[in-house]
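First up is the structure itself, then whatever we jot down about it.
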Amino acid sequence: MIETGKYTEILSDYMTGFDFYQIPPPVIRYAKMVITDTIGVTWAAPIKKTPISRLITRFVHAVDGKEESTLIGSPVKCSAINAALANGTMAHDIIELDEVHNRAVTHSAAVIVPAALAVCEREGKSGKDLIAAVVLGFDIACRLAIALGDSAIYARCFHPTSVCGVFGAAAAAGHLLGLGKEEFRNAMALSGCQASGLIAWETETHHMSKSFQSGMAARNGVTAALMAQMEYQGPPAIFDGKYNVFDAFSGKRNYHLLTEGLGSRFEIMGAGLKRYSSCRHTHTVLDAFMKVIGDHRLTPQQIKRIEVRATRVAALMTDNNELPTHNVQLILSMAAFDGKVCVEQYLHKRYEDPEIQDFSKRIAYTVDPELTKDYPEKWSAIVTVETHDGRRPTAQVDYAKGDPQNPFSQEEIEEKFLGLTGEDDGKDRALRVVHLLRDLESLDTLSGMTRLLGK
């Protein structure tokens, strides 16, 4: 019999005592890469004038008159709560280049980094504080997602990024606000009361609801932390008491996974970064496909048929999905003709081109039971390309580029950042932000960086 509230207490103690100086140097270095990547992806949305960035910025300007935190890409500041909402929404824009945690199956950075950045600026905190807040947020959000189980959450039509991300955002914000144990417990409780997000975004072709759910979780987490700071109360044991989040969102009670390796295994090290503007489940497929056509110098005209073998979850998420960023047939077709998968293809609706539509019909998807066994530790895929002259070259990829097992270098992340944000006359400004992020732990305040992130 599990003691009621035991795990809620352990996590509250952990959050209360968390400190930058307990984070190992390799974790600090990787956290800086995740933060750099997320800020770059977020900033790219207003630079590229995506519909989502335009609408969420317009909404915040209409409802908010405070000047606490930077709304990335805008000269006008707003409250920390609404900065978290807008920046969190833009971090998970149709650009689809934000982080994915393999084991948790969440886009945690798109929720946690915007929430932490907003509160860090509001409170005048340092670069060290931001790093610690993000690392802590990952520890809470990802452990919860792992414990709940992505298949169990999806079975109830909930979206783990949003449902679990709110707890990570609250933990990050609470760290920056200097919450005590009781306040952290209430912040978690109030996060649980706001936890939400539906997988229904899969049926909405504009990506807006999917993006909103990361912003919503960031906003709600900041709200929970600020309310807890004001001594607003919540249920005493949101993780393992009566009517807890496990019973609500999963039906499993794997409480022990909340604390497994706590303080020694930092979940941010499981964060995978992206090089293609598409669902992470398509990345091993794309890497395998690009290897085949590159090694054999194949053109679309030479290809008769493509066979994709991947996991059951990948099939559910990407096999002829209604959302173009999650449709493996359209994504492979754009890669075949254009040699890349990028946000401009979605903004200009390249996937509607007749040659793309026709080619996509040549792509068959099969669930591979053996590959499925290793999920979510591996998101493996096997791609076989059949040519008109009878060849059948094949490639298997177990870890996509950017996965922790196949990571980007610091230089590659900075190149991605500048490629997304250094357009036209903004290159010098983007370079200055990169240099600041490179030495983030040495910044006493983020004001210089956030000033550059405003338009």
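Farthest toward the positive end of the dipole of the range 60-179, out of 87, 111, 75, is the Cα of 111, where the dipole comes from beta carbon charges about the Cα centre.
Would you check the range 285-397 for Lys pairs whose C-alpha atoms are within less than 18 Å, ignoring same-chain pairs closer than 8 in sequence, and give me the count? Let's see the in-between values first.
Details: 291/304; 291/340; 304/361; 340/349; 349/361.
For the range 285-397, qualifying lysine pairs total 5.
Note down the relative contact order for the chain as a percent, whole number, built from C-alpha pairs under 8 angstrom at least six residues apart. Don't skip to the end; give the middle numbers.
On the way: 962 pairs, mean separation 94.3, N = 455.
Rounded, it is 21 percent for the chain.
Looking at the range 175-264, the GluC sites (Glu not before Pro) that sit in a DSSP loop and have at most 11 other Cβ atoms within 10 Å of their own Cβ are 231.
On the protein heavy atoms, probe 1.4 angstrom, tell me the percent of accessible surface of the chain carried by carbon and sulfur. After summing per-atom areas, the C and S share lands at 51 percent.
Which shape class, rounded, prolate or oblate, goes with the range 69-193 when its Cα gyration tensor gives a ≥ b ≥ c as root eigenvalues, a/c under 1.5 marks rounded, and past that a/b bigger than b/c marks prolate?
Numbers: a/c = 1.90, a/b = 1.26, b/c = 1.51.
Oblate, since a/c reaches 1.5 and b/c is not below a/b.
Label-to-label distance for residue 320 and residue 256 is 4.3 nm, based on points extended 7 Å past Cα in the beta-carbon direction. Where the alpha-carbon atoms of the chain are placed on the principal axes, they occupy 71, 59, 40 Å, in descending order. Relative protection proxy for 71-82, 442-453, from highest mean packing down: 71-82, 442-453 (other beta-carbon atoms within 10 angstrom).
Taking a ≥ b ≥ c as the square roots of the eigenvalues of the Cα gyration tensor, the range 23-97 is classed as oblate, since a/c reaches at least 1.5 and a/b does not exceed b/c. Using alpha carbons only, the radius of gyration of the range 111-174 set against its Kirkwood radius gives Rg/Rh = 1.08.
Computed from the C-beta positions of residue 232 and residue 49 and an R0 of 41 Å, the FRET efficiency is 0.60 to the nearest 0.05.
The residue 391 and residue 61 beta-carbon pair, evaluated with R₀ = 60 Å, returns a calculated FRET efficiency of approximately 0.60. The alpha carbon centroids of the range 366-386 and the range 409-431 are separated by 34 Å. Here is the list for the range 299-404: GluC sites (Glu not before Pro) lying in DSSP coil, each with at most 14 other C-beta atoms within 10 angstrom of its C-beta, are 322, 377. Our note on the geometry: Cα centres of the range 49-115 and the range 309-348, 24 Å apart. Hey, got a sec? Which trypsin sites (Lys or Arg not before Pro) in the range 375-441 land in a DSSP loop and have at most 16 other Cβ atoms within 10 Å? Answer by residue number: 391. Label positions at residue 13 and residue 415, each projected 7 Å from the Cα along the C-beta direction, are separated by 4.7 nm.
Spatial offset of the range 125-147 relative to the range 224-253 amounts to 18 Å, using the alpha carbon center of each.
Give me the extension gain from residue 353 to residue 374: residue separation times 0.36 nm, minus the current Cα-Cα distance, reported in nm with one decimal. Show your work: numbers first, answer last.
Working: separation 21, 0.36 × 21 = 7.56 nm, distance 3.61 nm.
In short, 3.9 nm is gained.
The values are calculated or read from the model by the stated rules, or taken from the named source; none is laboratory data. Model, not experiment: these values are computed from the prediction. As a convention, Cβ positions derive from the backbone with ideal geometry for all residues, glycine included, and neighbour counts pool all protein chains shown. Surface accessibility is based on the protein's heavy atoms, side chains included, excluding ligands, DNA and RNA. Shrake-Rupley method; radii C 1.70, N 1.55, O 1.52, S 1.80 Å.
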